[in-house]
1. Go ahead and run the numbers for FRET between D274 and E159, Cβ-Cβ distance against an R0 of 25 Å, rounding to 0.05.
2. What is the order of I172, I55, fewest Cβ neighbours within 10 Å to most?
3. Around R82, which amide H atoms from residues at least 5 apart in sequence, or from another chain, sit under 5 Å from its own amide H, with H modelled in the peptide plane?
4. Which residue fluctuates most in the GNM of the chain (Cα springs below 10 Å): A97, A230, A65?
5. Kindly provide the helix-only [θ] at 222 nm of the chain, computed as the sum of -39,500 (n - 2.57) over DSSP H runs of four or more divided by all residues, to the nearest 500 deg cm²/dmol?
6. Excluding C182 itself, what net charge comes from residues whose Cβ is under 13 Å from its Cβ, given Lys and Arg +1 and Asp and Glu -1?
7. Given the options V34, L107, H20, identify the residue whose Cα lies farthest towards the positive end of the charge dipole of the chain (+1 on Cβ of Lys, Arg; -1 on Cβ of Asp, Glu).
8. Length gain on complete extension for the stretch L125 to E6, per 0.36 nm per residue less the alpha carbon to alpha carbon distance?
Amino acid sequence: METALERLLPNPEHAPQTLHAAMRYSVLEGGKRVRPLLAFAAGELVNADPARVEIAACAVELIHAYSLVHDDLPCMDNDVLRRGKPTCHVQFDQATALLVGDSLQSLAFELLASPSLTDSPARQLEMIKLLAVASGSRGMAGGQAFDLASVGQALTLPELEFMHIHKTGALIRASVLLGAHCGDTLDETALTQLDRYAKCVGLAFQVVDDVLDAEAPTATLGKTAGKDAADNKPTYVSLLGVTRAREMAHELHHDALAALDGFKQSQHLRELADFILQRQF
Ligand code: GRG
């Protein structure tokens, strides 16, 4: 992933140099690359050509990196540390960070439009639409709007779930589905089961994120710890407590693995579900 991302990001010696340098700063050297790994693991289920999956994997990682850059801006989460480094707007400036997010998003869709992604134009359009919906107002950006509006509010569990299914879950789900669109066609039952896996790991990722924000130190997380409570944000921990939140993550992990029962070659998807549950950062 590092090599692939390195190769596709614009050369920092080409104008506009600062914007290109800031794009590279925000994407390279950091991040767990969970979404690309999910795309590759889903691609294995359908015997996908890794060169094709790599295109989809880079696209989702670029959308993810854009969301982090924008999320850290003073008008949103206002954070100074990301992936163990100063956030983009701190290292550069706010206008540059805004343009970094915009440019990474455009680059993601440019990639998905590349002729080497698939032999089927219809499938390619479907993949472009999938990522557009997952990242827009009916997906990640919508979840972020809900998140910003929920500061200081006492959300119910279904409301919290709605927020996180969109803010975090939608892109994780898209990563799995895009990987699965890179190879043999899955029948409807298999696609539904894979979608169930994706939804469960997407929500589990956020539940674990809430627990880590409450319990892990800044040095391990590479971002400011304890920010949710400091910002008075509703989380699974504030709503349920750490013990129940952990139990919920275990239940989602269990459901994710159960959804894979009918698949051969699902080892890496299983391992990623384990990683999402057990991660420490
Ligand atoms: C600004 C449109 C817009 C959306 C922002 C994803 C998001 C929405 C905000 C990020 C804030 C946040 C901490 C969300 C919780 C879950 C999450 C996405 C954590 C970061 O993802 P990781 O842990 O990050 O995969 P790395 O750095 O490993 O890639």
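Bear in mind these aren't lab numbers, they're just calculated from the coordinates by the rules spelled out. Computed from a predicted structure; not experimentally measured. Every residue, glycine as well, gets a Cβ built from its backbone with ideal geometry; the counts of neighbours run over all protein chains shown.
1. Values: r = 29 Å, r/R0 = 1.16.
Taking R0 as 25 Å, the efficiency between D274 and E159 is 0.30.
2. Details: I172 27, I55 21.
Fewest-to-most ranking of I172, I55: I55, I172.
3. T87
4. A230
5. Details: 16 runs with 190 residues, N = 281.
Rounded to the nearest 500, it is -21000 deg cm²/dmol.
6. That sum, taken over residues with Cβ under 13 Å, equals -4.
7. The Cα lying farthest towards the positive end belongs to H20.
8. Additional length available on full extension: 40.3 nm.
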